[in-house]
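The structure appears right after this line, and notes come after that.
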Amino acid sequence: MHIPDGFLSAPVWATLDIAAIPAAGYMVRRAQREFEEKKVPLLGVMGAFVFAAQMINFPVGGATSGHLVGSALLSYTLGPAAAGVVMIAILAIQSLVFQDGGILALGANIFNMAVVGVIAGYLPFHLWGTGPRRKAAIFLGGMFSVLVAALLAVSELLLSGIAMSGPVLGVSFALFAVSAVLEGSITLAVFQALEMLNPNFVKQPKADRGFALGMTGLAAVLLPLVGVLFASTHPDGLERLAETIGLSSKAKPMLASPLADYQAGFFQSAWLRKACAGLAGLGLIYGAGALLGRFVGRQRSV
């Protein structure tokens, strides 16, 4: 789902970069109005968990993999505005530090996953999240967040002049649909686990979340340490599409990074390379989330 540099034409990526700036500003201002001091650790922990979960690819068929995007999950636990801000931080760090998503294409990735993806994921929860259809709303939100982001990414490639046949598009969207179903299922499972640990996790934002946050943080650490051992090595849906249509060779990383592709290249062990890069990412994301929380809180008090 992360579009690299070289895939989009200059007019497309430039337009989306420009569009992402006011969208991000609006989310920051909206997060300021809804900010609560006790949410500061929550931003860091949930951001770290989503980052770690994105590292673990699972098979979706056709030698293709998927991974949790997390837009809907963040919107349920943080609120849509704060979720968008945290997702922007995740995407920026992934692009700049791990070469996952392009720098010039960052606006497109932010628009697809942190703006529209968050809104699409939160909408069912906003409409039905407090009634008897709560579980269905959580599941559908996870699905919609992936389907909408995938549709936008493919549309941006088409607008960039990338030719795709009907059968290729059909297979790609079938794989995206499988990823979306798994996203909804994982989102529902994680959300229910959080509410099992603390029944007031969402209903009463001021309730003590210490134990639930601690367990979420532990899960975030275990994912890069243990989960990477079982993660699929197949390309994700967008990467598979790029390979099918001969677009992969156009990917052009703009910056060299010692942690590119989530690999700490100075280690010999493949597990150590992946695990250490993941732990470094967790620290960066947690710190970014905490700093954003304090920045938003400070701006609100001014």
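The values are calculated or read from the model by the stated rules, or taken from the named source; none is laboratory data. Only a predicted model underlies this, so the values are computations on that prediction, with no experimental measurement involved. Here the Cβ is made from the backbone with ideal geometry for all residues, glycine too, and neighbour counts use every protein chain on show. Heads up: the accessible areas ignore ligands, DNA and RNA and are worked out on the full protein's heavy atoms, side chains in. Shrake-Rupley method; radii C 1.70, N 1.55, O 1.52, S 1.80 Å.
Would you confirm whether or not the range 152-166 contains a residue that is among the hydrophobic types (A, V, I, L, M, F, W, C), assigned to a helix (DSSP H, G or I), farther than 30 Å from Asn200 by Cα and in contact with a Ser or Thr (Cβ under 8 Å, 6 or more places away or on another chain)?
Yes - at least one qualifying residue is present in the range 152-166.
Checking the conditions here, which among Leu284, Leu272, Leu241 is crowded, with 18+ Cβ neighbours inside 10 Å, under 28 Å from Ala63 (Cα atoms) and at pLDDT 90 or above? So that I can check it myself, show each step before the final result.
Working: Leu284 fails: under 28 Å from Ala63 (Cα atoms); Leu272 fails: crowded, with 18+ Cβ neighbours inside 10 Å.
Answer to the selection: Leu241.
Confirm whether Val146 is touching a residue at least 24 places away in the same chain (Cβ under 8 Å), within 16 Å of Val12 (Cβ to Cβ) and not basic (Lys, Arg).
No: the conditions fail for Val146.
Give the range 218-272 a look and list any residue that's charged (D, E, K, R) and more than 22 Å from the chain's Cα centre (by Cα), or say none.
Quick first cut of the range 218-272, residues charged (D, E, K, R) only: 236, 239-240, 243, 250, 252, 261.
Within the range 218-272, Glu243, Lys250 meet the criteria.
Select, from Ile18, Ile56, Ile103, Ile88, the only residue that is surrounded by 22 or more Cβ atoms within 10 Å (Cβ to Cβ), over 20 Å from His126 (Cα atoms) and of a type in the set (Val, Ile, Thr).
Values: Ile18 fails: surrounded by 22 or more Cβ atoms within 10 Å (Cβ to Cβ); Ile56 fails: surrounded by 22 or more Cβ atoms within 10 Å (Cβ to Cβ); Ile103 fails: surrounded by 22 or more Cβ atoms within 10 Å (Cβ to Cβ).
Testing whether each residue is surrounded by 22 or more Cβ atoms within 10 Å (Cβ to Cβ), over 20 Å from His126 (Cα atoms) and of a type in the set (Val, Ile, Thr) leaves just Ile88.
Check Ser95, Ser65, Ser71 and return the single one that is within 14 Å of the chain's Cα centre (by Cα), open to solvent by less than 10 Å² (accessible area, probe 1.4 Å), within 21 Å of Gly184 (Cβ to Cβ) and touching a residue at least 12 places away in the same chain (Cβ under 8 Å).
Just one listed residue meets the conditions, Ser71.
Inspect the range 130-142 for any residue being among the aromatic types (Phe, Trp, Tyr) and closer than 29 Å to Glu239 by Cβ and give the result as yes or no.
Yes, some residue in the range 130-142 is among the aromatic types (Phe, Trp, Tyr) and closer than 29 Å to Glu239 by Cβ.
Give the residues of the range 131-167 that are open to solvent by less than 30 Å² (accessible area, probe 1.4 Å), over 26 Å from Phe191 (Cβ atoms) and touching a helix residue (DSSP H, G or I) at 6+ places or on another chain (Cβ under 6 Å), sorted by residue number.
Glu156, Ser160
Tell me whether the range 122-129 contains one or more residues that are more than 21 Å from Leu284 (Cβ to Cβ), without any contact (Cβ under 8 Å) to a residue 40 or more places away in the chain and open to solvent by less than 10 Å² (accessible area, probe 1.4 Å).
Yes, some residue in the range 122-129 is more than 21 Å from Leu284 (Cβ to Cβ), without any contact (Cβ under 8 Å) to a residue 40 or more places away in the chain and open to solvent by less than 10 Å² (accessible area, probe 1.4 Å).
Tell me which residues, restricted to the range 50-89, are out of contact with any His (no Cβ under 8 Å at 6 or more places or on another chain) and among the polar types (S, T, N, Q).
Ser71, Ser75, Thr77
Mind counting the residues in the range 1-41 that are among the hydrophobic types (A, V, I, L, M, F, W, C) and touching an Asp or Glu at 6+ places or on another chain (Cβ under 9 Å)?
Summing the residues that are among the hydrophobic types (A, V, I, L, M, F, W, C) and touching an Asp or Glu at 6+ places or on another chain (Cβ under 9 Å) in the range 1-41 gives 7.
Before we move on, is Gly79 farther than 21 Å from Ile103 by Cα, touching a Leu at 6+ places or on another chain (Cβ under 9 Å) and not β-branched (Val, Ile, Thr)?
No, not satisfied.
So is Ala81 in contact with a Lys or Arg (Cβ under 8 Å, 6 or more places away or on another chain) and open to solvent by less than 30 Å² (accessible area, probe 1.4 Å) or not?
On the way: in contact with a Lys or Arg (Cβ under 8 Å, 6 or more places away or on another chain): yes; open to solvent by less than 30 Å² (accessible area, probe 1.4 Å): yes.
Taking the combined requirement at face value, the residue satisfies it.
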